[in-house]
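> Before anything else, here's the structure in question.
The values are calculated or read from the model by the stated rules, or taken from the named source; none is laboratory data. All figures in this text were calculated on a predicted structure; none of them were measured in a lab. Here the Cβ positions follow ideal geometry from the backbone for every residue, glycine too, while neighbour counts run over all protein chains shown. Surface areas here come from the heavy atoms of the whole protein model, side chains and all, with no ligands, DNA or RNA. Shrake-Rupley method; radii C 1.70, N 1.55, O 1.52, S 1.80 Å.
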2 protein chains.
Amino acid sequence: MMMLTVERHSATPVYRQILDHVVKLVDTGSLAAGDRLPPTRSLARTIGVHRSTVLRAYEELWAMGYIESRPGSYSTVRLHRPRRSAAAAPAAPGPVDWKAATTPAARTVTTQVARRDLRLHGSVDTSAGMIDLSRLAADHDLTPHEDLRRCLKAALAEDGKGLLDYGDPAGFGPLRATVARRLRVHGVEVSTDEVVVTAGAQAAIDLLLRALATPGDRIAAESPTYMSALPLFRLHGLDVRPIPVRDDGMDLDVLESTLAASRVTTVYTIPNFQNPTGVTTSQSHRERLLALCEQCRVPIIEDGFEEELKYFGKAVLPIKAIDSRGIVAYVGTFSKVVFPGLRVGWLAAPPLLAETVCALQRVTSVAGNTLSQAAIHRFCETGLYETHLRRIHKAYRRRMATMLESLANHLPAVHVEWTRPQGGYTLWLRITHPRYEAPEAEASLHARFLSAGVKLSPGSLFFSDAPATPQFRLSVACLTEPEIREACRRLGSAIEAALVE
Amino acid sequence: MMMLTVERHSATPVYRQILDHVVKLVDTGSLAAGDRLPPTRSLARTIGVHRSTVLRAYEELWAMGYIESRPGSYSTVRLHRPRRSAAAAPAAPGPVDWKAATTPAARTVTTQVARRDLRLHGSVDTSAGMIDLSRLAADHDLTPHEDLRRCLKAALAEDGKGLLDYGDPAGFGPLRATVARRLRVHGVEVSTDEVVVTAGAQAAIDLLLRALATPGDRIAAESPTYMSALPLFRLHGLDVRPIPVRDDGMDLDVLESTLAASRVTTVYTIPNFQNPTGVTTSQSHRERLLALCEQCRVPIIEDGFEEELKYFGKAVLPIKAIDSRGIVAYVGTFSKVVFPGLRVGWLAAPPLLAETVCALQRVTSVAGNTLSQAAIHRFCETGLYETHLRRIHKAYRRRMATMLESLANHLPAVHVEWTRPQGGYTLWLRITHPRYEAPEAEASLHARFLSAGVKLSPGSLFFSDAPATPQFRLSVACLTEPEIREACRRLGSAIEAALVE
């Protein structure tokens, strides 16, 4: 009846192929109201896919109003299609013009995010042997799923009732204590009360800006900076003052004159393995940055998103560790080490700010996911976190070394520069050939890299203003050593071709 | 050495008693640097508490810098106390005055929340047989922990890698489809794309306001309304236009004149078992409300937080179900039915608004907790949700009936009124005696109820302006039937005493 075959290597997911097929049969009248669909189990067997794939297709069909289902019975084609959703409806304007009803900031952010996604992922066929140097999340293959399952089970067994009820808006108490203690390893002395657990580092920065920023305020940030900080700054109506990143970090002379020239609400900085450049600042750089901000009475948001990922050389203490006068709000997360899907991050801030953030968290989301927080607490307290950390240090020390060695082997000796990170996942590549100085040069190089089978993150995504030269972020996060070598080989050929043409 | 005894029935938690004891010993010099603390296991045995209680005390002591611990070794008193946290530091002002640095809205919200907590929970001794009618969360004893554990396990087994990685900012796809399908049960036809999964209903309302509201905008809301919506409105700088709640819901004549008199950005309404009053509006009320808003081109935020909790009489369709012209953003949640600690709610909105909210969610928190979303999806798809729903309907139908019957039995026949909800957890009590018309009457009655051993939610917490008469919210959420009867008996005596005195 169905005559459905699925293409396993298509860019269209298999469940979607099944769904599209049924929609077509209904829309063309081949399937009529009341007709039975094959049971999921037998359809799965017939076309050779997992039953959950068929279930997902049927679920979507159900949600779209194409079929009716009852547990334990056949799915049948619905008699009447439901009213078309507004998405599919013709453009007859309703009483509310949603484009006009949404705020300019929300609209801009929506457009920015959509454009960014298009530039990052648009038109890229990842199924064709593409090597992806754009992902910034620890490798799936290193994730200790089984350990997490055990931690979840133990946490539920010990206090299932408590963990499944509304939690503390400041976060699961024992995890706050764990974070405070863990920060001590990095020289940061804070009490549990100064730690607020958040739904990841992004949520922590958002809460801090909600506490501190008013639309029109100025924020000084490294340029380039964390890609997703930029639309967040925009959402808060902030005017970004870009401070260029040099080999040793944010240019402090520029920062000094920026702070002197205009009132700045806060300085946002990533001192370790800066995202995207991979630059780590020195102790003296941190001391001068802190002194400048103390002098101008400007709070610092220190983003320590990869604090634990130092695997080459000696660690430098966070700015928060030398913040004796209480001007630093420190942001951390588990996501770059383990379980980003659980969304557990934190901030450590002076008491009044911590209290404010906690009230804001309560008012905007009641509390966090206590069960996940308890599971991560257990993961830390039973030593699994330390074990895991050693394991990823070992893996990434090798991957980054492979990357640095392969870049040296394959990239041209002139007109190309890259950073040499002491940890983390990313490094930064600059093409300094005079031919590639125009703003559109990045796009043409990016296209070349894609056709060579290498996906990088275009550098301009990390700037609030247009960068002068083509720059790219390379991440070793999800690649094996052979893949890294091959990526550098492809990159080398593509750059050489671009430079000699 | 320690001479520690714990008081089990003290208001101070046991772990805190242990902690305080050690702090005292260190501060007075009875314990010196390097001294060993007893192992957690043996201390727990000695004082007769669970080992996790001792562990928690030790963890806090560690975080506070009083002791050092290494896995598998003794905890010892630290040589140097760390620098005192800013909280404990003398009031020498630092370079940043955090009170001035935080925004006025953030400060106000922090104060509001702190004051509210004080009025709700302050000075109440819950250990002395107090019956708590203030909690609004399904009873612990009804929570299907074991089912959740199995759902988590199965979800991890099927796609552990995917679920622990960054998820879709719109929410776990199959759960979005489940929500869309579930909404169909209530007559709401939306596509999966129009559903965005959020970290609870509170987060959904916050995201909608971020998309729609600009400081200074007006929002019309029932008065009284959901307690935690008020500081959220304040955070967004909204000017609340209170629309009185009558026996049949929001006074639509007042709404009509409010919409006519000034530009209102959005109307926030809870049509089912309104929080706090318990009032459910009729189909015709919903139709007129929708027509009024369509006419004035004002979006509606419909808070369906207890949509599934109708257990008396026939269900009325949500406003969203009759919203053929796309002006309603619908908010829902699992939290009032099951697992509030997992923070899983959603919104269903017209496509452009859903897309905007999704971008905002991405920019403010990257994505949600995919594992919890997948576990809840499984809980629904395997029929456990429906089973659980039947179970809580049965329980609360009996509890609410007991409450209504006991109020009729024990409360005075005059000068006291209460609502008769058709579902949900709460009802609303008004004291209409002329003696209690002053604004301070609520506080004096509240104090009486507390001394009688009944904890209610003071009504003024649910108003943006001061209410004329003393009103209270009563919740049957966490009480057994005998407790409900006893609470009504105590309440009856207290009110009678107050009225005759």
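> Residue by residue through the stretch A:406-414, which ³J(HN,Hα) values in whole Hz follow from phi under the Karplus form 6.51 cos²θ - 1.76 cosθ + 1.60 (θ = phi - 60°), with glycine and proline marked x?
5, 4, 4, 6, 10, 8, x, 7, 10
> Considering only protein heavy atoms, what per residue accessible area in square angstrom results for chain A with a 1.4 angstrom probe?
Value for chain A: 39 Å² per residue.
> What residues of the stretch A:268-298 lose no less than 50 Å² of accessible area with every protein chain in place versus their chain by itself (probe 1.4 Å, heavy atoms only)?
With the partner chains in place, the stretch A:268-298 has these residues losing at least 50 Å²: A:Arg297.
> Another question, then. Let me check against my output: what whole-number percent is the relative contact order of the stretch B:399-501, with C-alpha pairs under 8 Å and at least 6 apart?
39 percent
> For A:Glu481 paired with A:His50, estimate the spin-label separation in nm (one decimal), with each label point 7 Å from Cα along the Cα-to-Cβ line.
The modelled label-to-label distance comes out at 3.1 nm.
> As a test of the definition: with a 1.4 Å probe, what buried accessible area, both sides summed, do you compute for B against A, in Å² to the nearest 100?
Rounded to the nearest hundred, the buried surface is 9300 Å².
> What number does the stretch A:306-440 give for Rg over Rh if you use C-alpha atoms and the Kirkwood radius?
Numbers: Rg = 19.9 Å, Rh = 18.5 Å.
Using only Cα positions, Rg/Rh for the stretch A:306-440 is 1.08.
> Another one. Could you name the residue in chain A with the C-beta closest to the rotation axis that superposes chain A on chain B, along with the separation in whole Å?
Reported as residue, whole Å: A:Asn369, 2.
> Two decimals is fine: what's Rg over Rh for the stretch A:361-452, C-alpha atoms, Kirkwood radius as Rh?
Over the Cα atoms of the stretch A:361-452, Rg/Rh equals 1.20.
> Remind me, relative contact order of the stretch B:178-285 in percent, using alpha carbon pairs under 8 angstrom and six or more residues apart?
24 percent
> Another question, then. I need the inter-copy label distances for A:Ala401: point set 7 Å along Cα to C-beta, values in nm with one decimal, smallest first.
7.4
> Quantify, in whole percent, the carbon and sulfur part of the accessible surface of the stretch B:251-355 (1.4 Å probe; protein heavy atoms only).
About 53 percent, which is the carbon plus sulfur part of the accessible surface.
> Taking only C-alpha pairs under 8 Å that are 6+ residues apart, what is the relative contact order of chain B in percent?
Details: 802 pairs, mean separation 90.8, N = 501.
18 percent.
> Please give the residues from the stretch A:193-218 for which the solvent-accessible area of heavy atoms, probe 1.4 Å, is smaller by at least 40 Å² with all protein chains in place than with the chain isolated.
Listed by number, the residues meeting the 40 Å² cut-off are A:Gln202, A:Arg210, A:Leu212.
> I would also like to ask the following. 7 Å along Cα→Cβ for the label point: how many nanometres lie between B:Ala466 and each equivalent label in the other copies, listed shortest first?
List, nearest first: 6.1 nm.
> May I pose another question? Kirkwood-based Rg over Rh for the stretch B:217-263 (C-alpha set), two decimals?
0.98
> Order B:320-329, A:475-484 from most to least packed using the mean count of other Cβ atoms within 10 Å.
Going from most to least packed, we get B:320-329, A:475-484.
> Of B:Met400, B:Met64, which has the most accessible area and how do the rest follow, probe 1.4 Å?
The ordering from most to least exposed comes out as B:Met64, B:Met400.
> In nm, to one decimal, how far is the A:Ile322 label point from the A:Ser42 one, both placed 7 Å along Cα→Cβ?
Computed distance between label sites A:Ile322 and A:Ser42 equals 7.4 nm.
> Could you work out the pair-distance distribution P(r) of chain A from its alpha-carbon pairs, with 10 angstrom bin width and percents rounded to whole numbers?
Bin by bin from 0 Å, the calculated values are 4, 16, 23, 25, 20, 10, 3, 0.
> So, one more: What shape does the stretch A:217-352 take by its C-alpha gyration tensor, where a ≥ b ≥ c are the square roots of the eigenvalues and a/c under 1.5 counts as rounded, a/b above b/c as prolate, and the rest as oblate?
rounded
> Is it possible to state the helix-based mean residue ellipticity at 222 nm for chain B, with each DSSP H run of 4+ residues giving -39500 (n - 2.57), the sum divided by total residues, to the nearest 500 deg cm²/dmol? What is it?
-14000 deg cm²/dmol
> While we're looking at this one, here's another question. Calculate, for B:Ala260 and B:Lys99, the FRET efficiency according to 1/(1 + (r/R0)^6) with r their C-beta to C-beta distance and R0 51 Å; round to the nearest 0.05.
0.80
> Please give the residues from the stretch A:311-352 for which the solvent-accessible area of heavy atoms, probe 1.4 Å, is smaller by at least 30 Å² with all protein chains in place than with the chain isolated.
A:Arg325, A:Ile327, A:Pro340, A:Gly341, A:Leu342, A:Arg343, A:Pro351, A:Leu352
> Whenever you get a sec, compute what percent of the accessible area on the stretch A:22-75 sits on carbon and sulfur atoms (1.4 Å probe).
Solvent-exposed carbon and sulfur of the stretch A:22-75 make up 49 percent of the total.
> Another question about this same structure. What FRET efficiency would be calculated for the residue pair A:His140, B:Thr382, taking the C-beta separation as r and a Förster radius of 25 Å, to the nearest 0.05? List each step's numbers first, then the result.
Working: r = 26 Å, r/R0 = 1.05.
The value I calculate is 0.40.
> Let me ask something additional. In terms of the Cα gyration tensor, with a ≥ b ≥ c the square roots of its eigenvalues, is the protein assembly as shown rounded because a/c is under 1.5, prolate because a/b exceeds b/c, or oblate?
Taking the square roots of the gyration eigenvalues as a ≥ b ≥ c, the protein assembly as shown is oblate.
> Could I ask something else about it? Beyond 32 Å between alpha-carbons counts as too far, so tell me which of B:Lys394/B:Lys455; A:Lys99/A:Lys320; A:Lys161/B:Lys161; A:Lys153/A:Lys394; B:Lys153/B:Lys320; A:Lys153/B:Lys394 fall in that bin.
Check vs 32 Å cut-off fails for A:Lys99/A:Lys320; B:Lys153/B:Lys320.
> For A:Lys336, give me every one of the aspartates and glutamates with a C-alpha distance below 12 angstrom, ignoring sequence neighbours fewer than eight places off in its own chain.
By straight Cα distance, A:Lys336 reaches A:Asp139, A:Glu306, A:Glu307, A:Glu308, B:Asp165.
> Any idea what log10 I(q)/I(0) is at q = 0.17 Å⁻¹ for the stretch B:205-295, Debye with uniform C-alpha scatterers and no solvent?
Ignoring solvent entirely, the Cα scatterers give -0.69.
> Mind listing the label-point distances from A:Ser282 to the same position on all other copies, shortest first, one decimal in nm, points 7 Å along Cα→Cβ?
8.0
> Here is a follow-up. Keeping the other protein chains in place, figure out the carbon and sulfur percent of the accessible area of the stretch A:356-472, with a 1.4 Å probe.
52 percent
> Given R₀ = 30 Å, FRET efficiency for A:Arg489-A:Ala315 by Cβ-Cβ distance, to 0.05?
Once the sixth-power term is evaluated, E becomes 0.35.
> Moving on to the next point. Given +1 on the Cβ of Lys and Arg, -1 on the Cβ of Asp and Glu, and no further charges, what dipole in debye does the stretch B:155-286 carry about its Cα centre, rounded to the nearest 20?
60 debye
> May I ask for the angle, rounded to the nearest 10°, between helix A:481-500 and the longest principal axis of chain A, with both axes built from Cα atoms and the value confined to 0 to 90°?
Approximately 80 degrees, to the nearest ten.
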